[in-house]
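Some notes on the structure that comes next.
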Amino acid sequence: MGTDTNPFNSLQEQIDEAAVYLDVGDDVIERLKHPERVLETNLTIERDDGELERFKAFRSQFNGDRGPYKGGIRYHPGVTRDEVKALSGWMVYKCATVGIPYGGGKGGIVIDPDEYSETELERLTRAFATELRPLIGEDRDIPAPDVNTGQREMNWIKDTYETLENTTAPGVITGKAIDSGGSEGRVEATGRSTVIAAREAFDYLGEDVSDATVAVQGYGNAGWIAAKLVAEMGATVVAASDSSGGVYAEDGLDPVAVKGHKRETGSVVGFEGANEEITNEDVLTLDVDLLIPAALENAIDEELAHDVKADVISEAANGPITPDGDAVLAEKDVYVVPDILANAGGVTVSYFEWVQNRQRFHWSEERVNDELETIIVDAFDALTDTYEENDLASFRTAAYVVAIQRVADAYEQAGSFP
Ligand code: GLU
């Protein structure tokens, strides 16, 4: 674990792997492997003690052929320019895989948010929103939450944008709180699609996810909701971890109680319902039926992939498996439902939020979840059709074959300008 594989190289390798099966020119593929533009900026804010501090921040707009750029903003000390570029590219192919009318973008600030007060984070978020203002807009680029950001940050960005533009434009950002124009079901959406996709994969293999044992690596918003929902389907969540370590219980953990413990103590470690404390790496290599990586990129590299014992992996995180790791897993017949389908529930419900904002209308949670279910199941079926037709090595390559074709078609249909 902890490989230094560059995620941007991983993205390009994934595109190259799929391009072989497509009737798309090399020149177009080359275009689809690079961002259209990347903003790199330095934000200086005043700390609560009056000192100034500078933070590096990025926004990559990867491709807008299918619609406005779309994708989250993360706050993490490990954010780099190449990471943001990769994440923005994954958004392009994610939106195309599930067929929602967006391109892809991503942003990030290099910061450990735990070290800063709420007022400092608000100043920083508003400084970033001010810098982003000329680039974003309801029809241009629509940010959203990602690692370590949520409703609070989205509400601040919306307010900054609307104040500076002297307008109301709730659709400029998604993942807002309900009273600020957010959607029902948005908070749960990433975890929900991860388990819908896992359920479909088990079904495809002639098995039932309700009989599965499950390990979840990462217990943030995506991971813990996935644990809760898969347990509601009848599966047994035997392990969960976060950056401090993991817990194991042979007869199953109560995902909601684990979350309660994390909320109180800051970590899943020490949860009294567990039989054993295990490492993050142990969680990834447990003998379970379903593994859900829900933390950061590169969790499973070539070396670790050799030790993976799960039959199915559903990627709640973006880029948790390196291309070398993927090759090992394919060799071992481990079925990986790729991030660009499995975790696409987040951006799909962001799309529903944006549609509701544009219509100044509010959907019920039931409607949101029903429409999400349809989109994920249809996308999974398109993926498996392509997988079989082309006799592909992995579901990931199948997803890229579907997605790249859709982006390339949109590019071609637009004709040439000037
Ligand atoms: N950050 C999420 C992702 O990686 C959601 C993006 C969005 O809702 O625009 O898919």
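Cα centroids of segment 91-106 and segment 272-330: how far apart, whole angstrom?
Here the answer is 25 Å between Cα centres.
Compute the accessible area per residue over segment 189-295, keeping the other protein chains in place, probe 1.4 Å, unit Å².
On a per-residue basis, segment 189-295 sits at 38 Å².
By how many nm would the segment from GLU13 to PHE417 grow when fully extended, if each residue of separation counts as 0.36 nm and the alpha-carbon distance is taken off?
142.5 nm
Which value, in Å² and to the nearest 10, is the accessible area of ARG192 when all protein chains are kept and the probe is 1.4 Å?
60 Å²
Ignoring ligands, DNA and RNA, what percent of the accessible area of the chain is carbon or sulfur (1.4 Å)?
42 percent
Would you mind getting me the FRET efficiency between THR41 and HIS306? Use the beta-carbon distance for r and R0 = 60 Å, nearest 0.05.
0.90
So how far, in whole Å, is the C-alpha centre of segment 182-214 from the one of segment 372-418?
The distance from the Cα centre of segment 182-214 to that of segment 372-418 comes to 20 Å.
Working out 0.36 nm times the residue gap between THR374 and GLN359, then minus their Cα-Cα distance, what length gain in nm do you get to one decimal?
Taking THR374 through GLN359 to full extension adds about 3.3 nm, to one decimal.
So, in Å, what gap is there between the alpha-carbon centers of segment 1-60 and segment 239-258?
First find each Cα centre; the distance between them is then 32 Å.
Please find the FRET efficiency linking ARG152 to GLU276, where r is the Cβ-Cβ separation and R0 is fixed at 51 Å, and quote it to the nearest 0.05.
My answer for the efficiency is 0.90.
Can you give the accessible area of THR168 in Å² (nearest 10), computed on protein heavy atoms with a 1.4 Å probe?
Near enough 80 Å² of accessible area.
7 Å from Cα along Cα→Cβ at both SER210 and GLU53: what's the point-to-point distance in nm?
Each label point is offset 7 Å from its Cα along the Cβ direction, giving 5.0 nm.
Using heavy-atom solvent-accessible surface (probe 1.4 Å) with all chains present, what is the largest-first order of ASP26, ASP139?
The residues order as ASP26, ASP139, largest area first.
For ASP251 and ASP27, FRET efficiency with R0 = 41 Å and r from the beta-carbon atoms, rounded to 0.05?
It comes out at approximately 0.15.
Based on alpha-carbon atoms only, what is the radius of gyration of the chain relative to the globular estimate 2.2 N^0.38 Å?
For the chain, the normalised Cα radius of gyration comes out at 0.93.
Restricting attention to segment 340-386, which trypsin sites (Lys or Arg not before Pro) occupy a DSSP loop and are surrounded by at most 15 other Cβ atoms within 10 Å?
For trypsin sites (Lys or Arg not before Pro) across segment 340-386 that sit outside H, G, I, E and B with at most 15 neighbouring Cβ atoms in 10 Å, the list reads ARG360.
So which GluC sites (Glu not before Pro) in segment 221-279 are both in a DSSP loop and have at most 16 other Cβ atoms within 10 Å of their Cβ?
Sparse-neighbourhood loop GluC sites (Glu not before Pro): GLU250, GLU272.
How much accessible surface area, in Å² rounded to 10, belongs to the heavy atoms of PHE8 with a 1.4 Å probe?
Only protein atoms counted, so the area is about 20 Å².
Going by the alpha-carbon gyration tensor, a ≥ b ≥ c the square roots of its eigenvalues, is segment 96-178 rounded (a/c under 1.5) or, if a/c is not under 1.5, prolate (a/b greater than b/c) versus oblate?
oblate
What does the helix-only formula give at 222 nm for the chain: each DSSP H stretch with n ≥ 4 adding -39500 (n - 2.57), the total divided by the residues, and the result rounded to the nearest 500 deg cm²/dmol?
-14000 deg cm²/dmol
Suppose the chain between VAL20 and ASP381 were pulled fully straight at 0.36 nm per residue; how much longer would it get relative to their current alpha carbon spacing?
127.8 nm
The values are calculated or read from the model by the stated rules, or taken from the named source; none is laboratory data. Because the structure is a prediction, the values reported are computed rather than measured. Cβ coordinates were reconstructed from backbone atoms using ideal geometry, including for glycine residues, and neighbour counts include every protein chain displayed. Areas reflect the complete protein model, heavy atoms only, side chains present, ligands, DNA and RNA absent. Shrake-Rupley method; radii C 1.70, N 1.55, O 1.52, S 1.80 Å.
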